[in-house]
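The values are calculated or read from the model by the stated rules, or taken from the named source; none is laboratory data. Everything numeric in this text was worked out from a predicted model, so none of it was measured. Cβ atoms come from the backbone with ideal geometry, glycine included; neighbour counts cover every protein chain shown.
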Amino acid sequence: MLSLIFILLFFDSFGERATVIIPNSASWSVKLVKELEILENPNKTITLDSLLEHPDRYPFSKNNLTHDQLRSHYWAKFKMLSISQLEEWTTFSSDFWHNASIYIIDSSQKKTILAIGVLEAKQKNQFLVIPGRIYNVYISFNSQSSVKLEENINLKIKKTLSTLEWNAYTRYLDGIVLGIMFGLALYNLFLFISIKEISYLWYSIYTLSIVIMFVSISLDSPSHLQEIAFPDNAKIPFFIRHLFVNFTWIAYGQFARVYLNTKNQLPVFDKLIVLTMGLDILGFILILNGIITRTIFIHFFIVTICLFCGIILYKRGYKIARFFIVAQLFVVLGLLIVSGYWLQIDFLFFLPQNQLGNYLRTPSTLYVSGALESIFFSFALGSKYNSLQKDIEIVKLEKEREKQILLKSQNELLELEVKARTEELTKSLDILKNTQAQLIQSEKMASLGQLTAGIAHEIQNPLNFINNFSSINKDVLAEIKEDTSLNLTLKEEIKPFIDQVIKNSVIINNHGNRIDSIVKGMLLHSRSGSSKKELTDINSTCEETINLAFHAFKAKSKSLSTTYELKPDPGIPRISIVKEDLNRVLLNIINNAFYACAERNLIAITHRNSELLRSEITKSSLEVYHEELILPKEYQPNVIISTRMIPGFIEIRILDNGSGIPLPIREKIFQPFFTTKPAGLGTGLGLSLAYDIVTKGFGGKLEVRCDEGNYTEFILSIPKI
Amino acid sequence: MKRKILVVDDEKDYESLINQALGVKKYFREYKFIYSLTGNSAISMLKDYDDIDIAMLDINMPDMDGLSLLKYIKSNYPNIQVIMVSAYNDNANILLAMNAGAIDFVAKPIDIKNLENTLKKTINHSENIKLNIPYDQESPL
């Protein structure tokens with residue numbers, strides 16, 4: 001069909017004037033370039049009337065104006081004939097003329113004036129063509145555009161519905177498409193708000209920008225924006241249109257960058273996209289200055305680059321790029337169709353020539369492709385949203401797992417800590433128990449001490465009588481025995497009885513004295529510390545005491561050649577203690593040490609001499625434990641007393657190589673009245689007194705280390721203060 | 001009339017002991033031991049008799065303790081020499097007694113020999129005071 005028209009035009013062009021034939025078809029359009037005859041109209045001096053009156057005075061020439069000539073006003077003219085069978089609406093439009101007036105004069109000289117142009121506020125571009133009539137069409141125009149010359153002077157004519165019908169139809173479709181896109185813009189905005197993924201924001205901006213672009217684009221009729229918001233001003237919609245045409249693709253480029261992460265994955269292409277975005281801005285400025293009229297090539301470029309990036313990334317295994325590619329294909333298709341529209345190529349030739357088909361053939365197809373792209377992409381983004389959600393959930397799960405692992409390890413740690421703490425607690429509990437036991441023990445000792453003191457004092461009263469009366473009895477009986485005045489025979493008879501009673505009195509007296517010594521020992525225990533503390537030289541005290549004890553011991557057991565050693569630490573400072581107390585403690589321990597030596601010697605002898613001397617120590621429980629012991633042949637009894645400093649304390653050690661302390665009685669040695677010595681030899685108060693003095697008086701410690709049969713060592717620790 | 005030695009002790013057998021142990025001795029023929037079981041009765045006895053030279057006091061007694069009695073005697077009858085006889089023979093008590101004016105302190109159980117010597121010394125001292133002989137010129141026993 002088009003070719004036919006071209007042929008017609010071609011043949012017709014040989015004639016005096018080109019005639020545009022409007023064919024008998026539902027859909028038709030033509031773009032007039034060469035067909036137009038041009039006449040320069042400097043300063044708009046030539047009116048239509050003068051043109052009509054003096055056709056010879058104003059000769060029109062072919063449309064071959066040069067670039068430089070296109071700076072003033074012109075007249076263009078052509079003839080138009082419809083061979084259609086119906087009266088049809090024909091729409092005139094030009095993409096480049098800013099303002100143009102079209103005068104259509106029919107054969108009856110009836111004049112119709114139309115107004116078209118991109119900067120024409122009140123467009124009137126439709127004319128009802130009656131078949132068979134020839135119309136002379138005159139066009140008065142001017143253009144500031146400096147794009148390609150032939151392109152500059154063109155006029156599009158096409159069959160359309162009447163403005164009202166067509167507008168209703170396009171509005172209907174535009175409304176649907178724009179509504180869908182606006183909804184999608186909001187949808188993506190929602191996704192952005194919901195998961196804070198920046199690509200959704202850019203896509204939302206992009207979609208919104210498309211919507212604004214569409215409402216501001218005017219094709220054959222005024223744009224929706226102009227119609228609704230600026231009916232009297234074409235410049236603002238013009239500005240908005242181009243602003244958003246360019247901004248849409250900037251937003252698109254930015255979205256592609258974010259969505260495909262080109263910055264990291266394809267840095268070179270990323271820079272190229274940024275550059276193209278810059279070109280878009282430049283294009284916008286150029287359009288505003290009238291230097292260029294279209295930036296569609298830049299858009300093509302940016303879409304192509306992004307599509308290319310998508311393909312590369314998809315090949316690299318970036319799965320979400322797949323959606324991007326498919327969605328972009330819609331855009332490319334839309335741009336292709338629009339390009340075809342501008343280039344008079346019908347890529348949609350397979351579609352019927354009905355309203356929808358025509359709608360899709362116009363740049364409105366971009367609306368549709370854009371909407372389809374948006375729908376598709378929104379689904380793609382939705383799937384990305386899902387995958388992101390999944391990712392988030394996976395991350396969450398991962399975190400949960402990490403948390404659990406952490407929790408587990410912390411639990412283990414905690415358990416270990418609890419275990420350690422429990423051990424510590426058990427330990428400290430043990431210590432506490434021990435301390436408690438000691439406390440109870442010392443408390444017992446203390447109360448025992450008080451009791452002892454009370455008892456001791458009170459015992460002394462009756463003891464007084466026992467001792468003294470037994471003594472008096474003895475004296476009285478002795479007197480009777482001596483009394484010469486008595487009957488001799490009687491005296492002889494009772495003498496044995498008197499002797500018996502005297503003997504008994506002596507025994508009573510002895511035991512009374514024994515009680516006395518026990519009581520005195522007990523009283524020493526409970527003696528209130530009235531003695532004053534004085535600075536005491538520990539070493540010299542030790543020396544004095546061991547000397548004293550040694551000589552006393554030697555006097556008692558002359559046969560045993562016992563030795564002693566003194567190992568003092570000369571660095572020991574004098575400390576403030578009750579010296580008599582220390583003396584008493586040392587004396588008790590040292591006496592025991594010598595006694596142990598003697599005992600060991602005795603055991604050794606007993607061992608050798610069998611039963612001979614056993615009777616002497618039958619009362620000693622030690623004997624039982626010592627029978628099995630193997631003793632060195634030559635036993636040299638020795639007592640070593642040594643002093644030294646330890647942190648916070650002064651330590652006195654009294655070591656003897658005597659018989660040692662049997663294990664079962666080791667705990668009892670500090671108890672009052674506990675003794676292993678035969679009755680009469682010890683009161684069992686020596687060590688308990690020493691213990692009391694050291695722990696309560698000095699605030700120190702008295703410990704014993706012992707290897708039964710080999711040695712005993714008493715360790716006396718006195719605080720330095 | 002025999003001079004008197006006042007013995008204050010809550011033990012009943014004390015009288016018997018002192019009589020048997022000391023009363024029979026020649027040295028004490030000039031003296032009569034009089035006994036009181038409580039501090040209060042001792043005070044009334046001090047009022048009844050004006051010829052008490054020496055008092056032997058126990059410390060631990062039911063109604064009035066020996067130290068209070070000692071103080072009472074020393075403030076009312078300064079010429080009576082007091083010997084404390086007690087089982088509570090710790091330093092603190094001895095110190096208290098001596099500071100309150102006791103001439104000596106004898107520990108229980110009583111060593112009869114020791115008590116005898118103490119009594120002799122005290123009697124001597126008491127006699128010397130009566131004769132106004134200064135303490136440092138007293139003849140030793």
#### Entry: Verdict on A:Ala456 being within 14 Å of chain B (Cβ to nearest Cβ), under 21 Å from B:Tyr88 (Cα atoms), of a type in the set (A, V, I, L, M, F, W, C) and surrounded by 11 or more Cβ atoms within 10 Å (Cβ to Cβ)
yes
### Task
Return yes when A:Glu479 is out of contact with any Gly (no Cβ under 9 Å at 6 or more places or on another chain), modelled with pLDDT of 80 or more and within 30 Å of A:Ala690 (Cβ to Cβ) and no when it is not.
no
### Query
Does A:Arg401 satisfy being among the charged types (D, E, K, R) and in contact with a Gly (Cβ under 9 Å, 6 or more places away or on another chain)?
no
### Query
Residue check, B:Asp50 against (1) within 13 Å of chain A (Cβ to nearest Cβ); (2) surrounded by fewer than 16 Cβ atoms within 10 Å (Cβ to Cβ); (3) not hydroxyl-bearing (Ser, Thr, Tyr), all met but one. Which one?
(1)
### Summary
B:Tyr77 fails exactly one of (1) within 12 Å of the chain's Cα centre (by Cα); (2) away from chain A (no Cβ under 14 Å); (3) of a type in the set (Ser, Thr, Tyr), namely (1)
### Summary
Taking the stretch B:2-17 and keeping only residues that are in contact with a helix residue (DSSP H, G or I) (Cβ under 7 Å, 6 or more places away or on another chain) and away from chain A (no Cβ under 11 Å), one is left with B:Leu6, B:Val7, B:Val8
#### Entry: Residues within the stretch B:61-74 that are surrounded by 14 or more Cβ atoms within 10 Å (Cβ to Cβ), within 14 Å of another protein chain (Cβ to nearest Cβ) and in a loop (DSSP other than H, G, I, E, B), tallied
2
#### Entry: Residues satisfying the stated conditions in the stretch A:461-512, i.e. within 30 Å of A:Gly684 (Cβ to Cβ) and within 9 Å of chain B (Cβ to nearest Cβ)
A:Asn461, A:Pro462, A:Leu463, A:Asn464, A:Phe465, A:Ile466, A:Asn467, A:Asn468, A:Phe469, A:Ser471, A:Gly512
### Query
If you take the residues in the stretch B:83-94 that are at the interface with chain A (Cβ under 9 Å from one of its Cβ atoms) and part of a helix (DSSP H, G or I), which one is farthest from A:Leu524 (Cα to Cα)?
B:Ala92
### Scan of the stretch A:270-305 for residues that are among the charged types (D, E, K, R) and modelled with pLDDT under 85, ordered by number
A:Arg294
### Query
Within the bounds of the stretch B:95-103, is there any residue that is within 14 Å of another protein chain (Cβ to nearest Cβ), more than 21 Å from B:Phe33 (Cα to Cα) and not in a loop (DSSP other than H, G, I, E, B)?
yes
### Message
Name the residue that is farthest from the other protein chains (Cβ to nearest Cβ), counting only residues in the stretch B:18-40 that are in contact (Cβ under 8 Å) with a residue 12 or more places away in the chain and part of a helix (DSSP H, G or I).
### Response
B:Asn40
### Query
If you scan the stretch B:106-128, which residues turn out to be within 14 Å of another protein chain (Cβ to nearest Cβ) and in contact with a strand residue (DSSP E or B) (Cβ under 8 Å, 6 or more places away or on another chain)?
B:Val106, B:Ala107, B:Lys108, B:Ile110, B:Asn114, B:Leu115
### Task
Residues that are exposed (fewer than 14 other Cβ atoms within 10 Å of the Cβ) and in contact (Cβ under 8 Å) with a residue 24 or more places away in the chain: find the strands (runs of 3 or more DSSP E) completely inside the stretch A:495-601 holding 2 or more of those.
A:534-536, A:563-567
### Query
For the stretch B:47-60, what are the residues that are of a type outside the set (Val, Ile, Thr) and either in a strand (DSSP E or B) or over 22 Å from B:Lys121 (Cα atoms) (or both)?
B:Lys47, B:Asp48, B:Tyr49, B:Asp53, B:Ala55, B:Met56, B:Leu57, B:Asn60
#### Entry: helices (runs of 4 or more DSSP H) wholly inside the stretch A:238-335 containing at least 2 residues that are of a type in the set (A, V, I, L, M, F, W, C) and within 38 Å of the chain's Cα centre (by Cα)
A:267-288, A:296-315
### Task
State yes or no: is B:Glu127 at pLDDT below 85 and more than 25 Å from A:Leu523 (Cα to Cα)?
no
### Message
Of all residues being buried (at least 23 other Cβ atoms within 10 Å of the Cβ) and among the aromatic types (Phe, Trp, Tyr) in the stretch A:204-249, which is modelled with the lowest pLDDT? Just the residue, please.
### Response
A:Phe214
